[in-house]
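Have a look at the structure below before the remarks.
Bear in mind that the values in this text are calculations on the coordinates, not laboratory data. Since this is a predicted model, take the numbers as computed values, not measurements. Reconstructed Cβ throughout: ideal geometry from the backbone, glycine too, with neighbour counts over all protein chains shown.
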Ligand SMILES: [Mn+2]
């Protein structure tokens, strides 16, 4: 059986990703799970997606969706419908306000557009292959022993019944879910660990070690529990 690697939130740092993958050197029988948030914030979203597209041909890549891909895809849909720049009706009954274009731009969407040389907000100008890659990402991936998803989960629900809000948006600093009913260990990203250390609660492990905030991009190999960490400048530690 091949090795099983999980990689945390990349956020546009293509140099870190490509050096990390050089070190991992995945074999065709290996599986690499990427936990989402490939885009936004960092300098080279375009380079990250190009590298992930190539990685698909080198090993089994299980690319999960992050909230940042979800935002981009939602805005792309509205752009196609011609409703992107129109003021949106906001429900007084809904706690979560509808996503605005400016929200995404402020959360790093500007850097994503810039990496493609786009000076105006035309998400549909991002290469089709890259948009398709994002559209095909999964909300979770489950093996015999592990579950992988971007943010969190509801402990008492099976994976197919999970609300998207929990999988993509829930912050662990708000609350850490109990053990999942499957008994499997769940690997997540999303909740940036500002001290750069993996958060390991046993039943849930967060490997978003805050690369964009001066921390690390983390990869863990799950059969041998090998950890690799690289910073935005391409330096490894450990
Ligand atoms: Mn996220």
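So here's what we get for this one:
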item	result
Relative exposure of 138, 16, 102, judged by other C-beta atoms within 10 Å (fewest first)	102, 138, 16
Exposure proxy order (Cβ contacts within 10 Å, fewest to most) of 227, 204, 10	227, 204, 10
Per-peptide average of other Cβ atoms within 10 Å, ordering 192-198, 31-37 highest first	31-37, 192-198
Taking the stretch 117-233 and dividing mean pair separation by its residue count, relative contact order in percent (alpha carbons under 8 Å, at least six apart)	16
Global form of the chain, assessed from the alpha-carbon gyration tensor, a/c cut-off 1.5	oblate
Inter-centroid distance (Cα atoms) of the stretch 1-23 relative to the stretch 157-179, Å	24
Among beta bridges that DSSP assigns inside the stretch 131-238, antiparallel share in %, nearest 5	65
The chain: most fluctuating residue of 183, 213, 47 per GNM, C-alpha cutoff 10 Å	183
Share, in percent, of DSSP beta bridges within the chain that are antiparallel, nearest 5	50
Most mobile listed residue (180, 68, 145) in the chain, GNM with C-alpha springs under 10 Å	145
Cα centroid separation - the stretch 208-238 against the stretch 118-148, whole Å	22
